[in-house]
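Encoded as structure tokens, the structure appears first; notes follow it.
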Amino acid sequence: MLRWCLVLNILLSNMVFAYGNSATTNAQITNDKCIKCHNSATPGIVKQYLDSPMTQLIKKPVLCVDCHSFKHQTADDVEEAILPTADSCAEKCHNDQLVQMREGKHNLAWFGMKSQVAYHGQPSPITGEGYRGCSGCHKIGQKGLMGIHQGYPNELESDGGQEISEYRYGNAQCDACHTRHSFKKSEAQDPRTCSNCHMGFDHPQWEMYMSSKHGIIWDIEKNDNVDGRTPTCQQCHMAKGNHSVRTSWGFLGLRIPTKKNVLELIKSAPNLEEALTSLAKYLPNGNYTGVDDDPEWVLDRAIILQAAGILDANLQPTERFIEIVVQGEAANSPSRFNEMRAEMKAICNDCHAKDFVTGHFNASDNIIKSADHEFAKAIKAVQDLYKDGILQKPEDWKYAPDLLQYYDAKTKVEQELYLIMLEYRQRAFQGAFHVSNDYMHWYGWAPMKASINIILQEAKNMREAAKTVKILK
Ligand code: HEC
Ligand code: HEC
Ligand code: HEC
Ligand code: HEC
Ligand code: HEC
Ligand code: HEC
Ligand code: HEC
């Protein structure tokens with residue numbers, strides 16, 4: 001791509017040459033003015049810009065005005081400067097990378113963030129222009145994608161730039177990994193690049209990587225980002241420079257049951273025949289190769305989806321199913337799941353034997369299975385508290401219990417459910433896949449089990465207390 005860009009630039013500058021070079025010269029002169037004044041206004045930016053590979057392009061270095069336009073040229077018209085979007089990078093040069101990015105999960109990050117109940121009603125610095133919470137990480141996604149809540153129940157539609165225009169900063173997307181104003185490829189290839197977002201509470205991939213043999217050897221052996229003995233995040237997740245990131249299980253370790261899975265459940269749960277037959281209509285065909293189809297697991301997953309309001313009390317898909325699962329692509333169809341699994345295994349197979357790799361994936365899949373079984377038990381206990389009238393659904397909630405209320409959960413038992421969903425279960429399975437045994441067990445599985453014990457005991461106490469109240473009445 002870079003090579004094409006150069007060829008194109010040479011052609012273009014030759015054309016300008018043939019027809020008179022006034023345009024180039026004007027741009028250069030203006031650019032010198034930008035640099036001169038910005039040498040005192042923002043010297044750091046000028047220094048980084050001059051050090052950028054794009055400035056080193058021999059025939060036609062990229063100029064400030066290519067990205068910021070000519071509109072602002074004095075200290076009094078600063079607000080006229082245009083701040084670039086991801087489309088600006090594509091229009092001028094890097095269309096391939098944008099097309100790939102649009103196909104991957106990063107592009108959906110802004111839409112995904114807004115699909116959450118917990119996003120709404122927060123102070124704006126957390127979710128909006130302040131970029132100091134959800135929005136600070138999720139601005140890697142494209143703004144202005146409209147889904148079911150804006151009247152588009154099928155494909156996502158663009159709002160034609162409306163939402164972007166409401167934000168002065170933070171529309172560039174690509175600068176999440178190629179930071180301004182040096183925009184280096186080598187920076188993007190370093191796993192530390194991913195670490196400001198992929199860390200912490202619910203997705204500590206950085207910490208898990210750095211406590212796995214892969215990360216440790218990367219660190220010991222001079223941080224080789226392209227040709228080391230162990231892979232970087234990028235080598236596993238952006239192989240061959242592909243900008244479309246996505247994994248089989250995804251962030252939440254979700255897998256939507258297939259038609260066949262659900263219809264088979266009817267044998268063991270005949271009382272649910274009507275609900276299951278109706279649910280099956282919405283589900284994909286096919287099967288997940290090499291992953292267990294145990295009916296008990298299917299049922300456990302259904303209970304988790306119910307607690308997230310993705311399936312309703314009657315096991316039917318809700319608007320959240322469409323928004324989060326289908327449009328936000330929080331789970332993959334069997335064919336996509338299988339395709340990505342095969343690609344990932346092939347990467348491991350560069351350095352490890354096939355059976356070794358399969359063993360690792362089976363073990364990690366099984367962690368999700370076991371965690372789901374434990375989690376479903378805890379959810380069931382809380383669902384029963386609602387069923388038996390010991391807990392009352394808050395007026396402004398659509399579903400209860402509702403895992404997606406996050407930390408706004410009202411009771412101790414629901415706070416614990418939230419921690420299991422977003423912290424412990426995540427760490428258990430993400431730690432397994434990233435070969436961090438400590439994250440898998442002591443930060444994941446162990447607190448999850450402890451939390452479930454708290455929930456079961458607390459539910460019992462609540463029942464006892466409710467009985468006493470009844471007797472006293
Ligand atoms: C005469 C001085 C001067 C010149 C010439 C100048 N700028 Fe600026 N520019 C400024 C000042 C001052 C600011 C505001 C800096 C601040 O707030 O600290 C600014 C801000 C900016 C911003 C940020 C806008 C924002 O909303 O944050 C961009 C982008 C920018 N300039 C680009 C350029 C480009 C491109 C050129 C050349 C076409 C240029 N500048 C020429 C003085 C100048
Ligand atoms: C600015 C923050 C940010 C940076 C930097 C970042 N990511 Fe992400 N990443 C996100 C967000 C937010 C999502 C979730 C998007 C969604 O699913 O809606 C995500 C999703 C992903 C996924 C998809 C997981 C799934 O659900 O299948 C992968 C893989 C991934 N990132 C890898 C990387 C790698 C590798 C890097 C570094 C080269 C990186 N990311 C850098 C914020 C970031
Ligand atoms: C530190 C950066 C960071 C912050 C803060 C953050 N997220 Fe995320 N979020 C991520 C990353 C990274 C991922 C992808 C993780 C993965 O795939 O393991 C993600 C994933 C998600 C997903 C899953 C999307 C999918 O389809 O899989 C949703 C929804 C989400 N975040 C919503 C939120 C909301 C709402 C907030 C604020 C209440 C928030 N996030 C705060 C970085 C962040
Ligand atoms: C290849 C494109 C590109 C070039 C060339 C470029 N910029 Fe920028 N600039 C960006 C991006 C991307 C942002 C971040 C926009 C955002 O926050 O949404 C930015 C932001 C800025 C900002 C405001 C943000 C901040 O950190 O204060 C200033 C000021 C600025 N640029 C000045 C300049 C000047 C001066 C030059 C030339 C010396 C220049 N830029 C060249 C892409 C570019
Ligand atoms: C999640 C991090 C991430 C984001 C976001 C990202 N890139 Fe990259 N980019 C990389 C990595 C990693 C490489 C190095 C790939 C490789 O191994 O060749 C790269 C390489 C590149 C290259 C050099 C390609 C080559 O073959 O030399 C270009 C150009 C590029 N990216 C443009 C973009 C554009 C444009 C965007 C926004 C649409 C973008 N990138 C967004 C991580 C990212
Ligand atoms: C050895 C290859 C490898 C390396 C290195 C690696 N990952 Fe992963 N990653 C995986 C595998 C395998 C999965 C699970 C894939 C699946 O769902 O089948 C995964 C899953 C993910 C996910 C989805 C949620 C989850 O955690 O399960 C994200 C996000 C992610 N990785 C980000 C990163 C980041 C960021 C780094 C670097 C700090 C990194 N990975 C390093 C192989 C790797
Ligand atoms: C570029 C080569 C390379 C790639 C690709 C790679 N690994 Fe590794 N991996 C290594 C090396 C080297 C070690 C350290 C070997 C040791 O512990 O003796 C290692 C260690 C491991 C370990 C720990 C072994 C132990 O004995 O504790 C596991 C598990 C593992 N890798 C799984 C994977 C999986 C799964 C993938 C693909 C998602 C993968 N690796 C991709 C090179 C690689």
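Just so it is clear, none of the values below were taken in a lab; they were calculated from the coordinates. Since this is a predicted model, take the numbers as computed values, not measurements. Please note: Cβ atoms are built from the backbone with ideal geometry, for glycine as well, and neighbour counts cover all protein chains shown.
Shown is the FRET efficiency for ALA239 and LEU456, computed with R0 = 60 Å from the Cβ-Cβ distance and rounded to the nearest 0.05: 0.85. With a cut-off of 12 Å between beta carbons, the residues surrounding LEU419 carry a summed charge of -1, where Lys and Arg count +1 and Asp and Glu -1.
Here is the tail figure for segment 94-177: Cα pairs spaced more than 22 Å apart come to 22 percent of all pairs. Think of segment 292-368 as a dipole: +1 on every Lys or Arg Cβ, -1 on every Asp or Glu Cβ, centred on the Cα centre; then among TRP297, ALA342, GLN327, ALA342 lies furthest on the positive end.
If you build the convex hull over the alpha carbons only and average its shadow over all orientations, what do you get for segment 308-352? Give it in nm² to one decimal.
For segment 308-352, the mean projected area of the Cα convex hull comes to 4.2 nm².
Annotation: amide H-H contacts under 5 Å for ASP312 (H modelled 1.01 Å from N, sequence separation of 5 or more, or interchain): THR318.
Can you pull out the chymotrypsin sites (Phe, Trp or Tyr not before Pro) in segment 19-78 whose DSSP state is coil and whose Cβ has at most 14 other Cβ atoms within 10 Å?
Values: sites: TYR19, TYR49, PHE70; in loops: TYR19, PHE70.
For chymotrypsin sites (Phe, Trp or Tyr not before Pro) across segment 19-78 that sit outside H, G, I, E and B with at most 14 neighbouring Cβ atoms in 10 Å, the list reads TYR19.
Computed about its Cα centre, the charge dipole of the chain is approximately 420 debye, with only Lys, Arg, Asp and Glu carrying charge at their Cβ.
The calculated 222 nm mean residue ellipticity attributable to helices in the chain amounts to -14500 deg cm²/dmol, summing -39500 (n - 2.57) over DSSP H runs of n ≥ 4 and dividing by all residues.
For a quick check of your reading of the filter: which GluC sites (Glu not before Pro) in segment 391-421 sit in a DSSP loop and have no more than 14 other Cβ atoms within 10 Å?
Within segment 391-421, the qualifying GluC sites (Glu not before Pro) (loop, at most 14 other Cβ atoms within 10 Å) are GLU395.
In whole Å and largest first, what semi-axes does the C-alpha gyration tensor of segment 399-455 yield when each eigenvalue is scaled by 5 and square-rooted?
Result for segment 399-455: semi-axes of 23, 12, 6 Å.
Counting other Cβ atoms within 10 Å, which trypsin sites (Lys or Arg not before Pro) in segment 269-350 have at most 15 and lie in a DSSP loop?
Here the sparse-neighbourhood loop sites are LYS281.
Electrostatic bookkeeping for GLU103 treats Lys and Arg as +1 and Asp and Glu as -1; over the other residues with beta carbon under 15 Å from its beta carbon, the sum is 0.
Size descriptors for the chain: radius of gyration and Dmax over Cα atoms are 25.9, 97 Å. Electrostatic bookkeeping for CYS177 treats Lys and Arg as +1 and Asp and Glu as -1; over the other residues with beta carbon under 15 Å from its beta carbon, the sum is +3. Calculated over segment 250-338, the projected area of the Cα convex hull averaged across directions stands at 5.3 nm². Using the Cα coordinates of segment 259-472, the gyration tensor eigenvalues translate into equivalent-ellipsoid semi-axes of 32, 22, 15 Å, sorted from longest to shortest.
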